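The values are calculated or read from the model by the stated rules, or taken from the named source; none is laboratory data. Computed from a predicted model, the values in this text were never measured in an experiment. Note that each Cβ is placed from the backbone with ideal geometry, even for glycine, and that neighbours are counted across all protein chains shown.
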Amino acid sequence: MLVLLPMVITANVAVGKPWASQATAILAGAIAGGTFLLGALDLAGAGLVIAGPGLQSPGLDVGIMATGVVAATLASKPVRRRVARLVPIDPESPVHALALVLAVILFGSQLATIAFVDILALVQAQPPATLVDLAANQLQFLILALAGIGLYIRRTPAGAADRLGVTRPAWWHIAIALAVAGAFFAFTQAADHLSHVLTPQVAGQVDKTTEHVFGGLGNPIGIAALALLPGICEEVLFRGALQPRIGLFATAALFASIHTQYGLSFDALAVLVVAIGLGVLRKYTTTTTTCMCHVSYNLLAEIGVAGGLTGVAAGVEVGLIALSGYALWSNRRAARRRS
């Protein structure tokens, strides 16, 4: 993804310049055209796209080509103006245009991969993730988010933090983040149980894939990294940078699409629901709150809650929900008094 960094920086530099329209067309057209060419060359036998060990997938190639065509239409300003009726973008902005193109390409290519490739088998054929792999994968999200909002190009650090919604949390933000994380954990546990009951073969494959990918990170440092790195980096990019521009539901779908290790399963559906929940949380609080929520959820998922701790966890969750409810009621009453 970092190969896109020069284009992201160029788009930010072009904002407000007389040549912004030309830059938008060139950047959007080059990325979309490159995507189409990638699919076309692989379909012709170039072997550029991995569909599995020694495998080629014509369906995947056609899906990538179709994604390139759809993305190319966003190089047209009239098309972006129509899109702007649905999502809060500025159709004149080269940054917003590039964000749309990249979002379409990422979502389309991920969707084609899930639809036409045995993704669980493909993931299992890859080496297990190391701490370095995890850091490299997640930090690129953070770098793209900071570059995308124009840090040191169009915005100061303070302005970038404000644009991303990264602010000092109020006490009630912490309570809500922890309460929502607990609710997410309970929901995903229920979804996982349902998956094992209704689709035991798929659930078993997902469990095997997850253990293969993250099994080597079961030590304290690995658990901390699995909680902190995705919880911060993914939230800053998706809820901080993207959601205010492409909308809550589009961001949630894009977020769910990158979690290909779940394939087509109840777990993947649960990720989408959690992503929507994080989007709602971001809409009414801050990205800092969603980071705390995501980190807390990841920590719960890694450590788990079992045995006698289940009752304690349930009691804590009820207390956090009550505290959050009180905070929301108190803030609403204070707002009415001020008005």
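A few comments on the model shown:
- Criterion violated by GLY34 - all others in (1) closer than 25 Å to ARG239 by Cβ; (2) under 24 Å from the mean Cα position of the chain (by Cα) satisfied: (1)
- The condition of being without any contact (Cβ under 8 Å) to a residue 40 or more places away in the chain and under 18 Å from the mean Cα position of the chain (by Cα) holds for only one of LEU248, LEU226, that being LEU248.
- Selection from the range 64-85 of residues that are of a type outside the set (A, V, I, L, M, F, W, C) and surrounded by 22 or more Cβ atoms within 10 Å (Cβ to Cβ): THR67, GLY68, ARG80
- Residue match in the range 138-158 (condition: assigned by TED's automatic domain parsing to the domain that holds THR285, polar (S, T, N, Q) and closer than 27 Å to THR67 by Cβ): yes
- Among the residues of the range 135-149, the one identified as more than 14 Å from LEU5 (Cα to Cα) and buried (at least 19 other Cβ atoms within 10 Å of the Cβ) is GLN138.
- Checklist (1) surrounded by 15 or more Cβ atoms within 10 Å (Cβ to Cβ); (2) at positive phi applied to TYR152, failing item: (1)
- Flag for ALA46 being of a type outside the set (D, E, K, R), more than 24 Å from ALA268 (Cα to Cα) and at pLDDT below 95: yes
- Just one of the listed residues (LEU5, LEU37, LEU41) is part of a helix (DSSP H, G or I), surrounded by fewer than 17 Cβ atoms within 10 Å (Cβ to Cβ), in contact (Cβ under 8 Å) with a residue 60 or more places away in the chain and not basic (Lys, Arg), namely LEU5.
- Segments classed as helices (runs of 4 or more DSSP H), wholly inside the range 196-286, with at least 1 members that are closer than 30 Å to VAL95 by Cα and β-branched (Val, Ile, Thr): 220-235, 243-246, 248-257, 266-284
- Residue in the range 72-79 that is farther than 23 Å from ALA112 by Cβ and part of a helix (DSSP H, G or I) present: yes
- In the range 183-194, the residues that are part of a helix (DSSP H, G or I) reach residues that are of a type in the set (Phe, Trp, Tyr) with C-beta atoms within less than 7 angstrom, at least six apart or across chains, in these pairs: PHE184/TYR297; PHE185/TYR297; ALA191/PHE266; LEU194/PHE266.
- Residue check for ALA179: part of a helix (DSSP H, G or I), surrounded by 20 or more Cβ atoms within 10 Å (Cβ to Cβ) and not assigned by TED's automatic domain parsing to the domain that holds VAL15: yes
- Just one residue in the set ALA97, ALA11, ALA72, ALA28 is in contact (Cβ under 8 Å) with a residue 40 or more places away in the chain, touching a Phe, Trp or Tyr at 6+ places or on another chain (Cβ under 9 Å) and hydrophobic (A, V, I, L, M, F, W, C); that residue is ALA72.
- Residue in the range 269-286 that is surrounded by the fewest Cβ atoms within 10 Å (Cβ to Cβ), counting only those that are of a type outside the set (Lys, Arg) and over 13 Å from the mean Cα position of the chain (by Cα): TYR284
- VAL49 within 23 Å of the chain's Cα centre (by Cα), assigned to a loop (DSSP other than H, G, I, E, B), crowded, with 16+ Cβ neighbours inside 10 Å and without any contact (Cβ under 8 Å) to a residue 24 or more places away in the chain: yes
- The range 236-287, residues that are of a type in the set (D, E, K, R) and closer than 22 Å to HIS193 by Cα: ASP267
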